[in-house]
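A quick write-up on the structure given underneath.
Read-outs: derived from the displayed coordinates by stated rules, not from any lab. Please read these numbers as outputs of a predicted model, since none were measured by experiment. Cβ: placed from backbone, ideal geometry, glycine included. Neighbour counts: every protein chain shown.
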Amino acid sequence: MTSRGVPHFFALPDREDAGAVARRLQPEALGLRVLYHPSGRPWIIGRWADEDIAVARTGTDAVALIGMLPKRTDELARRTGKLRGGTEGLKDLSAAFPGSFHVVGSVSGVLYVQGTAYGMRRVHHTVVDGCPVAGDRAVALADLVGAEIDLTALAMRLPEPLAAQLPPRSMWRAVTDVPPGAGLIVPAGRAAPRHVRWHTPPAPVRPAADGAAAVREALAAAVAVRTERDGLLSADLSGGLDSTTLCSFAAGQLGAGELIVGGIPGDETISDDAHYARLAAAHWPHVEHVELTAEQTPLFYRGILDDGCRTDIPAGVAMSRDRATAVISLMARRGSRLHMTGHGGDHLFFQTGAYCHDLIARRPLLAWQRIRGYRTLYGWRWRPVLRQLADRRSYRRAVAGTDVNTPGDLGFCTPQLAWVIPPVVQPWLTAECRELVTAGLREAAERAEPYAPTLGRHRELSALYTGTQECAAIAEAGRRAGVPVTMPYFDDAVVDAALSVRPEDRADPWQFKPVLKEAVRGVLPEECRVRVTKFEGTVDAVAGLYRHRDEIRSLWEDSTLAKAGLVDAESLSRLTGTPGTPAFKDGAVDSTIICEAWLRAVA
């Protein structure tokens, strides 16, 4: 099976027909581990490290935590003893321990499976010969049941940024995704599985000072879970605020020879990232700091022909896998046991202004000041800004009103004050693909429910849920490069602390990440904390498009998307020969490359 060698698990209900599923998984032949229900039937089958699991049992109840756990989980036994045959107490376990993990319970014959609140660790389920089976990897469940790819779901990932704005849709017809913040219950007997909500994002009411203190406490605890593990810890140090913050916490918690940090200096004539990385590293003489040379640094698009990384969704890492894992590969050679990255910091502390749509009703003067700031920052034009602010449709009506014939724009100049931004429908998408997208939009409109009552909060949560899926794929690519990857900013406690802060305090066009900067006062070297510059990597992406045009063109010579009837391979091949074509503006080809790479890997 595709899960050979990959950390994963399947969870089976406490019933007779689960034994046939267990035999089908061939745990002994594949070297998988098996945990058993209190009844003695197979419960959890998969692959995990000893430090990634904690199990407690009391009578007819058993609970397992699987993932990034603290060393001490003594409290788990006490809480398991208080379940008394009910699953309600399982919902609180994610908040009882720092880290990032799944909760799997067997309680009086009921199976309960819960991921993280914001989707960094997800739950999926399917049915195998009549028996419900849950798991943490959709691709592994799809392999198990022989599920067909949902071509409509795939087609809707081609126009950018359509799929990220719509109700989520599984990539396989026979696999169901459990929404972030919900858990899966498989009742005893033959009742159908159901989803139950266990987490609701906090109300954004905290002022900046209180929020910064909460963020600091949560980040310190999240990093401590990683630093208390045995072996060498490595971490990204790009010079940016997010990665430097994590390295600062880790450097304060570890001694000599226990932490190594590194990054990609880039072109220092246009970027000062490396300068700030070195400034920070100089404050930690006990920490080794390494940098990749220009020759060691791949450009974007190198490695797109690697079809070995099988992920649950078509993820952006496919177009830059070699570059995204260059530092991780170096750390693997240096003996790292765990690699920490700053992914997630932007999702929590940097916004493009959607909250102004909500703010205008509460604090109109401040909202207009912020909108003027974002106009200056991104070059927004007044007419589309006013049109979006005046649009008071519901989310469902906005989805229903999305038209694939309305031209979209991927550039920064497009305001971000609407429920749904018109997608870019690339000219190489076939008529069949457009028909599937149109049908998918109709289906999405029928079930569209916002993640929050207000537009700004919905957009923020939507970006979070999409971002965690993307980052789970980066973690998978990092594991293949030789080191497990961990992202503390996406821990539930850290996200909750950030989201509890008023959005107008957390995001300001005139200040860069003010709440995070305040949170790390006294932790981060001061010259790094007050940095006001930020490098944007578009230049590297454009150079990669030119350098690797032959690799990109080879994708279309035997295109799986073309065989599925979704793209015109001949048109793509011709356009790839001239990377400067307006058709490729703002990375419009990227979603097609991503979907092509994904389909080759999983089909």
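For segment 145-267, what proportion of DSSP beta bridges, expressed in % and rounded to the nearest 5, is antiparallel?
On the way: 5 of 9 bridges.
Looking only at bridges with both residues in segment 145-267, the antiparallel portion is about 55 percent.
Mean Kyte-Doolittle of at least 0.0 and a Cα length of 20 Å or more along the axis: which whole DSSP H helices of the chain meet both?
Working: long enough: 208-227 (28 Å, 0.86); 364-378 (21 Å, -0.37); 431-447 (25 Å, -0.42); 455-480 (38 Å, -0.48).
Answer set is 208-227.
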Using packing as a proxy for protection, rank 384-393, 179-188, 103-112 so that the peptide with the highest average count of other Cβ atoms within 10 Å comes first. 103-112, 179-188, 384-393
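Set the Förster radius R0 to 35 Å, insert the Cβ-Cβ distance between E228 and I270 as r into 1/(1 + (r/R0)^6), and round the FRET efficiency to 0.05. Each step should come with its number before you reach the end.
Details: r = 39 Å, r/R0 = 1.12.
The value I calculate is 0.35.
Counting DSSP beta bridges in the chain, what percent are antiparallel, to the nearest 5?
Numbers: 49 of 64 bridges.
Counting only bridges with both partners in the chain, antiparallel ones make up about 75 percent.
Could you sort 29-39, 410-420 so that the peptide with the highest average Cβ count within 10 Å comes first and the rest follow in order? Don't skip to the answer; put the middle values down first.
Details: 29-39: 15.3, 410-420: 19.8.
Packing order, densest peptide first, comes out as 410-420, 29-39.
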Evaluated at 25 °C with a viscosity of 0.890 mPa s, what Stokes-Einstein diffusion coefficient in µm²/s does segment 272-324 have when Rh comes from the Kirkwood expression over alpha-carbon pairs? 180 µm²/s
Apply the Karplus parameterisation 6.51 cos²θ - 1.76 cosθ + 1.60, with θ equal to phi minus 60°, to every residue of segment 102-110 and state each ³J(HN,Hα) to the nearest whole Hz, in sequence, with x for glycine and proline. 8, 10, 10, x, 10, 10, 6, x, 8
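Taking a ≥ b ≥ c as the square roots of the eigenvalues of the Cα gyration tensor of the chain, is the shape rounded (a/c under 1.5), prolate (a/b larger than b/c) or oblate? Walk me through the intermediate numbers first.
Numbers: a/c = 1.32, a/b = 1.15, b/c = 1.15.
Note, shape of the chain comes out rounded.
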How high is the relative contact order of segment 8-197, in percent, counting Cα pairs under 8 Å that sit 6 or more residues apart? 20 percent
Which order do peptides 221-230, 308-317 fall in by mean Cβ count within 10 Å, highest first? 308-317, 221-230
Run the paramagnetic zone check for R190: 7 angstrom along Cα to Cβ, then residues of segment 112-136 with backbone nitrogen under 16 Å. 128-132
The simple spin-label model distance between H283 and R521, using points 7 Å out along Cα→Cβ, in nm, is 1.4 nm
Specify whether the C-alpha gyration tensor of segment 33-171 places it in the rounded, prolate or oblate class, a ≥ b ≥ c being the square roots of the eigenvalues: rounded for a/c under 1.5, otherwise prolate if a/b is larger than b/c and oblate if not. prolate
Measuring from centroid to centroid over Cα atoms, what is the spacing of segment 301-345 and segment 381-407 in Å? 36 Å
Checked against the positive end of the charge dipole of segment 8-197 (+1 on Cβ of Lys and Arg, -1 on Cβ of Asp and Glu, about the Cα centre), the farthest of G81, V103, A56 is G81
Pull out the extension gain between T60 and T578, defined as 0.36 nm times the separation in residues minus the alpha carbon to alpha carbon distance; nm, one decimal. 179.9 nm
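Under Stokes-Einstein, with the Kirkwood radius over Cα pairs standing in for Rh, what whole-number D in µm²/s applies to segment 201-536 at 37 °C and 0.692 mPa s?
Working: Rh = 21.5 Å.
Estimated via Stokes-Einstein, D reaches 152 µm²/s.
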Can you compute the FRET efficiency between F350 and D409 using 1/(1 + (r/R0)^6), with r the Cβ-Cβ distance and R0 = 25 Å? Round to the nearest 0.05. 0.75
Taking the Cα centre of segment 393-489 as origin, sum charge times position over the Cβ atoms of Lys and Arg (+1) and Asp and Glu (-1), and report the length of that vector in debye to the nearest 20. 240 debye
Nearest 500 deg cm²/dmol is fine: what mean residue ellipticity at 222 nm does the chain get from its DSSP H runs of n ≥ 4 alone, each adding -39,500 (n - 2.57), divided by its residue count? -11500 deg cm²/dmol
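Expressed as a rounded percentage, what relative contact order does the chain have, with Cα pairs under 8 Å and six or more residues apart? Present the calculation step by step, with values, prior to reporting the outcome.
Numbers: 1138 pairs, mean separation 102.7, N = 603.
So the answer I get is 17 percent.
First check a/c for segment 372-526, with a ≥ b ≥ c the square roots of the eigenvalues of its C-alpha gyration tensor; if it is under 1.5, answer rounded, and if not, answer prolate when a/b is larger than b/c or oblate otherwise.
Oblate, because a/c is 1.5 or more while a/b does not exceed b/c.
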